[in-house]
Structures are given as structure tokens and as C-alpha cells.
Amino acid sequence: MSRRLLGAAMLVGAGVTAVVGTFLPLYAEGPAREDRLPSITVTSWEYVFSNLPAGMEFAPVRSPQYGVPIVVSAVLLAVAAALVFLPESQRLAARYLAIGGTGVLVGSVWAVVAVVVSMVGNAARPEVGGFAVHVGEGVSVLGASVLLAVAGVVLVHARRREPRPEGPVVYRVDGDEVDDDTDTPPFGIPVVEVAQLPDSGYERRADGS
């Protein structure tokens with residue numbers, strides 16, 4: 001498998017992994033000791049209440065919609081992966097899209113991780129006793145998508161190595177700027193031509209006189 005194909009596969013995998021991670025729990029907040037008491041599970045799209053008392057129901061509450069920029073980044077990565085197979089002259093757009101999509105994904109995941117870390121830190125304070133915050137698997141999946149995207153960008157930007165020629169390398173300079181008297185032959189050894197003597201107008205005799 002070529003580097004370009006592997007990089008495109010990683011970009012697609014990063015986008016799919018990121019979208020899947022938005023539907024997984026980022027963190028769950030609830031009582032630290034009793035598992036059956038009401039708790040809140042937070043995804044990139046909504047807050048979900050669980051273990052509510054009988055007769056008490058809450059509709060899912062929308063979160064700050066962390067999943068929107070993540071889905072946008074996944075679309076950019078998918079388009080970049082498709083453009084990778086264009087000719088070399090048009091492949092620059094794929095590289096720019098791959099960088100842009102990865103940047104959006106990194107920024108979005110960084111914002112999600114910052115929120116989760118803040119919630120865990122607040123739950124650990126002494127004045128907020130009795131509550132705990134458990135980090136969900138969504139954070140790990142989103143982190144894995146970032147690693148895949150970065151690796152895919154690196155592989156997409158890697159240039160193919162040209163095969164080294166076998167045997168001696170011969171250099172020759174062609175063009176109008178080359179002096180005709182010092183033209184370089186194919187073997188690389190310059191040959192200087194000696195200017196001929198001007199014609200005297202008569203031929204010498206055979207006896208030298």
C-alpha cells in the first residue's frame with residue numbers, strides 16, 4: 001500500500017472515528033456512593049438523565065453542540081481523502097483541506113477535553129462533596145481520531161522518492177548561453193577548440209618556399 005493511499009485511509013478513519021465519538025458519553029456526573037441515584041450523562045450532543053425516580057422524566061437537554069464542528073472536520077477530511085487521488089498538479093487542494101480538517105478536529109476535541117477536565121476538577125473540590133464525575137469513552141475515541149488525522153496528514157504530505165539512476169550520471173548544459181568554443185560534451189569533459197589561423201591568401205609550395 002502506498003503512502004498516499006494509507007494517508008487517505010487514515011483521514012477517512014479519523015472522520016468516522018470522530019463522528020462515532022460524538023455519540024459516546026464524554027462524562028457522567030452523579031452521586032459518588034450510590035449508583036442508583038439520579039445522574040447525568042453528557043455526550044457531544046445532549047445531556048441524558050438516568051436513574052430518575054418513578055414518575056419523574058426529563059427530556060434530553062441539548063449540550064453546547066460540540067459535535068457540530070467535529071462533524072464539519074470529518075466532512076473536510078473525507079473530501080481531502082477523495083482529492084488525494086487527483087493528478088499531482090491538483091493535489092495541493094487535498095493537502096490544504098487535510099490540514100484544515102485536522103485543525104478543526106484538534107480544536108474541537110481540545111475544547112471538549114477542557115470541559116471534561118474542568119468538570120472533574122470541580123467535582124474533586126472539598127465543598128462539592130458527594131458528587132463524582134466519571135470520564136466516558138467518548139473522550140478516548142475522540143483522542144484516537146485526532147491521532148489518526150495527524151498521521152494521515154503526514155502521510156498525505158510525504159512525497160514519493162524518485163528511483164536513483166543506475167550507472168554513471170552524465171550532466172550536460174544545453175541552451176543559448178553556452179559558449180560554442182567551450183561546449184560540454186556528453187561525458188562532462190569540456191573541449192576547447194583552437195582558433196584557426198587566418199588564411200594568407202596563397203598556398204605554400206610543396207618544397208616549403
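The values are calculated or read from the model by the stated rules, or taken from the named source; none is laboratory data. This is a predicted model, so every value here is computed, not measured. Cβ atoms come from the backbone with ideal geometry, glycine included; neighbour counts cover every protein chain shown. Only protein heavy atoms, including side chains, enter the accessible area calculation; ligands, DNA and RNA are left aside. Shrake-Rupley method; radii C 1.70, N 1.55, O 1.52, S 1.80 Å.
Couple of notes before you dig in:
- Between residue 132 and residue 50, the modelled label-to-label distance comes to 1.4 nm, taking each label 7 Å out from Cα in the direction of the beta carbon.
- Note on residue 65 and residue 147: the model spin-label points, each 7 Å out from Cα along the C-beta direction, lie 3.1 nm apart.
- Put simply, the range 61-123 fits an ellipsoid with semi-axes of 33, 11, 6 Å; these come from the alpha carbon gyration tensor as the roots of five times its eigenvalues, largest first.
- Virtual spin-label span in nm between residue 154 and residue 5, 7 Å along Cα→Cβ: 2.2 nm
- Using the Cβ of residue 11 as centre and a radius below 14 Å, the other residues enclosed give a net charge of +4, where K and R count +1 and D and E count -1.
- Note on residue 108: accessible area approximately 10 square angstrom, rounded to 10, probe 1.4 Å, nucleic acids and ligands left out.
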